[in-house]
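Here the structure is laid out as structure tokens; the discussion comes afterwards.
Readers should treat all values here as calculations from the given coordinates under stated rules, not as data from a laboratory. Computed from a predicted model, the values in this text were never measured in an experiment. Positions of Cβ are generated from backbone atoms using ideal geometry, with glycine treated the same way; all protein chains shown enter the neighbour counts.
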Amino acid sequence: MYKISVILPIHNVGKYLHDCAESVINQTLGFENIELIMVDDGSTDDSFEIMKEYDAKYDNVKIFHFDEKSGSAGKPRNKGIEMATGKYLMFSDPDDFFALDAFENMYNAIEKDNADFIIANWCYADEDGTPWEKPIFDEERFKHFKLSIDDYKDSFYIMNSSMCNKIFNREFIMSHGIKCLEYMPGEDTYFSMSAFLDAKNVYYIPVVMYYYRQRKGDGASVSWNCSAKFFDGMNKAYKALYEKFVEKDQVNFYKFVYARNMTYLLYRFIDSTQLSDEERLEIIAECRWFYKLSNTLDVPACQKSLSTLLEKIVNGEYKDVIDICKIIAETRTYMTKDVRQSMSKPTQEMYDEIIKNMKGE
């Protein structure tokens, strides 16, 4: 049995695929201990040819090809999980890459803590692979610790949606039937949060193990490709996620997840350059249920401008929403990437206010 199976869902990423695959092959854990599974989701570039090169070269590489594009990483990730034989599962987007000691650090941590899954620190990188200066999680604040679903501060901050900065016990995943959503974005959020809801032992380690490449332009990653189809998929994914938390009777923790997701979706909507006004009107109407949860859950917006947007959406004043979005979007074009990124995340003050509301203060 391999120590780790790592799964890459692939669609038209020939430009980056070598970098990602080589970051797996050159791991300090030793590639002989790793099973590399690459699942192609209907690529039309040279991605599948590159996959076949690795398959021919290494016995511990598995490949699979879907003829038709599913539109998200959920279907190929689920296929990869089905194909995996390793004791543990790791994931990557194929345009990103791992730190070369990532697998060794993650394997040692999950073995030591006997965990259902382990979360680690990670970092953004420019399109050319240059890492950003600061990792996502504050290295001074967050040390090695065990997460709890009743901890709305440290645990919530660390329990992010990505599947790629984690290592999962495959037996745990299979026994609970945890899968990605298919044919829509947000599949990673649903998978990670479903795992957290079922897990008993989840730990964080502070090492940076993953680099998330920020691509621009046509063919950019789904996070930047905010078409009408993207928002339709996110709307469905967020509904499924909300229903999962309700089913597990963990609505209090969901309030914090909601704050993050609501802020993320609003800024993706604001920043998108692919939407016509007509599409924006349809999207707002379809997602109105989600934004109305702000009142239902007593979760405020993280900035005054977003409070105004939420109020307008809930009241059905959609044309005003579009006008406000255009003003905010224009303002954000003058900001640095770090400032834009920080704006797109709720602040500690916002989370503190949610806690006060929960206590009735």
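The figures follow:
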quantity: In Hz, Karplus ³J(HN,Hα) per residue of the stretch 91-105 (6.51, -1.76, 1.60; θ = phi - 60°; x = Gly, Pro); calculated: 9, 8, 7, x, 9, 9, 7, 9, 5, 6, 9, 4, 5, 4, 5
quantity: For the stretch 20-72: rounded, prolate or oblate by the Cα gyration tensor [a/c cutoff 1.5]; calculated: prolate
quantity: Long-range HN-HN contacts of F91 with modeled amide H, under 5 Å; calculated: I7, K166
quantity: Cα-centred dipole magnitude for the stretch 27-101, charges only on beta-carbon of K, R (+1) and D, E (-1), debye, nearest 20; calculated: 340 debye
quantity: ³J(HN,Hα), Karplus 6.51/-1.76/1.60, whole Hz, each residue of the stretch 140-153, x for Gly, Pro; calculated: 7, 7, 9, 10, 5, 7, 8, 7, 9, 6, 8, 9, 8, 10
quantity: Euclidean distance between Cα centres, the stretch 1-58 to the stretch 311-332, Å; calculated: 43 Å
quantity: Tensor-based shape of the stretch 202-361 (alpha-carbon gyration tensor, a/c under 1.5 rounded, otherwise prolate or oblate); calculated: rounded
quantity: Per-residue [θ]222 nm for the chain (sum of -39500 (n - 2.57) over DSSP H runs n ≥ 4, rounded to 500); calculated: -15000 deg cm²/dmol
quantity: Cross-link pairs K143/K216; K146/K359; K52/K146; K304/K356; K146/K255 - those with Cα-Cα distance over 30 Å; calculated: K143/K216; K52/K146
quantity: Efficiency of FRET between D19 and H144 - r from beta-carbon atoms, R0 35 angstrom, step 0.05; calculated: 0.75
quantity: Principal-axis tilt of helix 277-296 within the chain, Cα atoms, nearest 10 degrees; calculated: 90 degrees
quantity: The chain: most fluctuating residue of I119, I327, I149 per GNM, C-alpha cutoff 10 Å; calculated: I327
quantity: Rounded to the nearest 20 debye, dipole of the stretch 4-213 from Cβ charges on Lys, Arg, Asp, Glu; calculated: 680 debye
quantity: Amide H contacts under 5 Å for V13, placed H, 5+ residues apart; calculated: S47
quantity: Global geometry of the stretch 271-359, whether rounded, prolate or oblate, following the gyration tensor of its Cα atoms and the 1.5 cut on a/c; calculated: oblate
quantity: Ellipsoid semi-axes in whole angstrom, largest first, where each is sqrt(5λ) of the Cα gyration tensor of the stretch 42-148; calculated: 29, 19, 14
quantity: Stokes-Einstein D for the chain, Kirkwood Rh over Cα pairs, 4 °C, 1.567 mPa s (µm²/s); calculated: 61 µm²/s
quantity: Fraction of beta bridges assigned by DSSP in the stretch 4-213 that are antiparallel (%, nearest 5); calculated: 30 percent
quantity: Sites K153 and K52 - FRET efficiency at Förster radius 56 Å, r taken between beta-carbons, to 0.05; calculated: 0.75
quantity: Magnitude of the charge dipole, the stretch 228-359, Cβ model with Lys/Arg +1 and Asp/Glu -1, debye to 20; calculated: 360 debye
quantity: Under 5 Å, built H, 5+ apart or other chain: amide partners of H65; calculated: D40
quantity: Inter-label distance, nm, simple model (7 Å from Cα along the C-beta direction), N114/M174; calculated: 2.1 nm
quantity: Dipole of the chain [Lys/Arg +1, Asp/Glu -1 at C-beta], most positive-end residue of A329, V339, V257; calculated: V257
